[in-house]
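This report concerns only the one structure given below.
Computed from the coordinates by the stated procedures, all read-outs in this text should not be read as laboratory data. Keep in mind it's a predicted model, so treat the numbers as computed, not measured. Backbone-built Cβ (ideal geometry, glycine too); neighbour counts: all protein chains shown.
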Amino acid sequence: MSLSKFPENLRFSLSNNEISQQKLADYLGTTQATVSRWVNGECEPELSMLIEICLYLDETPNELLGFDNLPSEVISKYRETL
């Protein structure tokens with residue numbers, strides 16, 4: 001189970017900023033198919049690409065990944081597994 005809300009948040013940010021998947025792909029030097037896989041939750045970008053996405057969309061990694069809203073019990077359970 002992924003804790004990330006990245007696909008949902010990326011989809012929202014693109015829509016909210018009226019940016020197409022193709023436009024983001026062009027900016028990042030990747031394909032629209034790759035961006036589509038991120039939006040559909042099939043995979044997530046590498047950290048360096050995530051930073052580029054954040055800069056382009058004027059978002060923080062935490063905002064895009066959805067970690068600002070994690071309940072404390074989720075964080076506690078995660079720490080127990082380390």
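The table below lists the values:
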read-out	value
Extension gain from residue 36 to residue 18, taking 0.36 nm per residue of separation minus the Cα-Cα distance	4.9 nm
The range 6-81 - Rg over Rh from alpha carbon coordinates, Kirkwood radius	1.03
Listed residues 36, 24, 49: farthest to the positive end of the dipole of the range 6-81 (Cβ charges)	36
